[in-house]
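This report concerns only the one structure given below.
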């Protein structure tokens, strides 16, 4: 059985590393600098182009 969603470890422009849900239903912001990390698209989250995915956590 294939998993449909997972968590992502992302790095913000302020160097904070944060774990977010790939199918988040709301806007996700950095806990340190309050910068928008990604926005909900109704499916997978659309990450801001300045954020970097470090790891997929399944």
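Just so it is clear, none of the values below were taken in a lab; they were calculated from the coordinates. Since the structure is predicted, the reported quantities are computational estimates derived from the model, not experimental observations. When we count neighbours, we look across all protein chains shown, and the Cβ atoms used for this are built from the backbone with ideal geometry, even at glycine.
Read through the labelled values (1) 37, 22, 17; (2) 46, 33, 16; (3) 46, 18, 14 and report the label of the one computed as Cα extents along the principal axes in Å from the structure.
Given (1) 37, 22, 17; (2) 46, 33, 16; (3) 46, 18, 14, the structure-derived one carries the label (1).
Place the peptides 41-53, 19-31 in order of packing, highest mean first, counting for every residue the other Cβ atoms within 10 Å and averaging per peptide.
Sorting 41-53, 19-31 by mean packing, highest first, produces 19-31, 41-53.
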